[in-house]
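Down below is the structure, laid out as structure tokens.
The values are calculated or read from the model by the stated rules, or taken from the named source; none is laboratory data. All of these numbers come straight from a predicted model, not from anything done at the bench. In this analysis, Cβ positions are derived from the backbone assuming ideal geometry, glycine residues included, and neighbour counts consider all displayed protein chains. When the accessible area is computed, the model is the full protein with side chains, heavy atoms only, and any ligands, DNA or RNA have been set aside. Shrake-Rupley method; radii C 1.70, N 1.55, O 1.52, S 1.80 Å.
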Amino acid sequence: MERKVELKVVNLKKYFPVQKSFLERLLSGKIEYVQAVNRISFEVRRGEVFGLVGESGCGKTTTGRLITRLIEPTEGKIIFKGEDVTFIQGERLREFRKYVQIIFQNPYASLNPRMRIGEATAHPLEIHGIATGERKKKMVFEMLEKVGLEPAKKFYDLYPFELSGGQRQRVAIARAMILNPELVVADEPISMIDVSLRAKILELMLMLKEERNLTYVFITHDLAVAKYISDWIGIMYLGEIVEIGRKEQIFSTPYHPYTKALLSAIPVPDPKREKKDIKLKGEVPSSINPPSGCRFHPRCSFAKDKCSNLKPSLKMVDKDHYVACHLY
Ligand code: SF4
């Protein structure tokens, strides 16, 4: 049986105006925009992990911030559990934040250096008026132990600088989970911690997901990490989603030339196995003036005439598998 849709993103768009001096604006006569996210649509089902994958600057972090309503979209819709939350404000937004949390990439910057670990973890409970005094402390102790910071008593009074990167990211996870959210956006949560600790953080996140039937949007530049944790994968390129499918489909039958190139770049552990690297031409173009038609066309070895003037839309190529490319 198909699971319920927890999150639906429809034609979501975010353009940031380029900051220019008064003189530059006067001379150019126009306002330019960074087209960070350009009309993307996808669904995430309850209890599943949607891996959002792409190179740095492709718009995946902006997407995470839009979903969690940390920034306002330019256009489009965000539907959470059937409710349009795109522009909710005040009490409704506060309520929404109880159910939707974010874990940031950098555990060194996301914790207030002047706040002890206990205070930082308890902060969401205070903001939402959920617990005070001894009950609050008990909830924090339980949460710290749940994320492997044991004994919690030892960590409660420490400052972030006294913890390793892995321990700090565990605090960030504890802080996100203490409100018992339903949807968690994890923005590159392991990219800044030691390689030896990454698997442990992923295992912790999967354990919490199973235990609480959580839904994740897991943002990463690393397809191998996405393969480990995701049920579904969406591939982003220059602000747009170019392919979506179940994890197995993306890895066994990728369609989009960009997805194929990303997959070919994953190291193969067996040196005897032949690996065919697909080299991409040139650099990622600017998202201020992105290429017309298919944004990938200047780098694509299969580009045809129409690729430069006609934008391909996402089309179903197999059940649950969608690709935006004129080849299909
Ligand atoms: Fe390449 Fe054309 Fe497909 Fe874009 S639409 S990925 S340029 S073949």
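Axis angle, to the nearest 10 degrees, between helix 90-99 and the longest C-alpha principal axis of the chain: 90 degrees. Length available on full extension from residue 315 to residue 71: 0.36 nm per residue minus the Cα-Cα distance, which gives 84.9 nm. With 32 Å as the limit, the listed pairs 98/315; 20/77; 146/227 have 98/315 beyond it between alpha carbons. Per residue, the accessible area of the stretch 224-328 comes to 54 Å², computed with a 1.4 Å probe over protein heavy atoms only.
The slack between residue 153 and residue 95, meaning 0.36 nm per residue of separation minus the straight C-alpha distance, is 17.9 nm.
Surface exposure of the stretch 68-142, expressed per residue as accessible area with a 1.4 Å probe, stands at 55 Å².
Peptides 304-314, 183-193 ranked from most to least packed, by the mean per-residue count of other Cβ atoms within 10 Å: 183-193, 304-314.
Surface composition of the chain: carbon and sulfur make up 53 percent of the accessible area, probe 1.4 Å. Cα to Cα, under 16 Å, and not fewer than 8 places away if on the same chain: which aspartates and glutamates meet these conditions relative to residue 260? In chain and number order, the partners are 55, 222, 243, 248, 274, 277. Taking 0.36 nm per residue of separation and subtracting the current Cα-Cα distance, fully stretching the chain between residue 11 and residue 164 would add 51.1 nm. Accessible surface for residue 16 stands near 70 Å², nearest 10, in the context of the full protein assembly shown (1.4 Å probe). Heavy-atom accessible area, probed at 1.4 angstrom with all protein chains present, ranks 222, 157, 320 as 157, 222, 320, highest first.
Test of understanding: express the Cα radius of gyration of the stretch 197-322 as a ratio to 2.2 N^0.38 Å, with N the residue count. Scaled against compact globular proteins, the figure is 1.20. The three principal axes of the C-alpha atoms in the stretch 53-147 carry coordinate ranges of 44, 32, 23 Å, sorted with the longest axis first.
Could you tell me the convex hull volume per residue, in Å³, taken over the Cα atoms of the chain?
171 Å³
In the chain, the DSSP-assigned H stretches of four residues or longer account for a calculated mean residue ellipticity at 222 nm of -9500 deg cm²/dmol, using -39500 (n - 2.57) per stretch and the full residue count as denominator. Axis of helix 165-177 versus longest Cα principal axis of the chain: the two differ by about 80°, to the nearest ten degrees.
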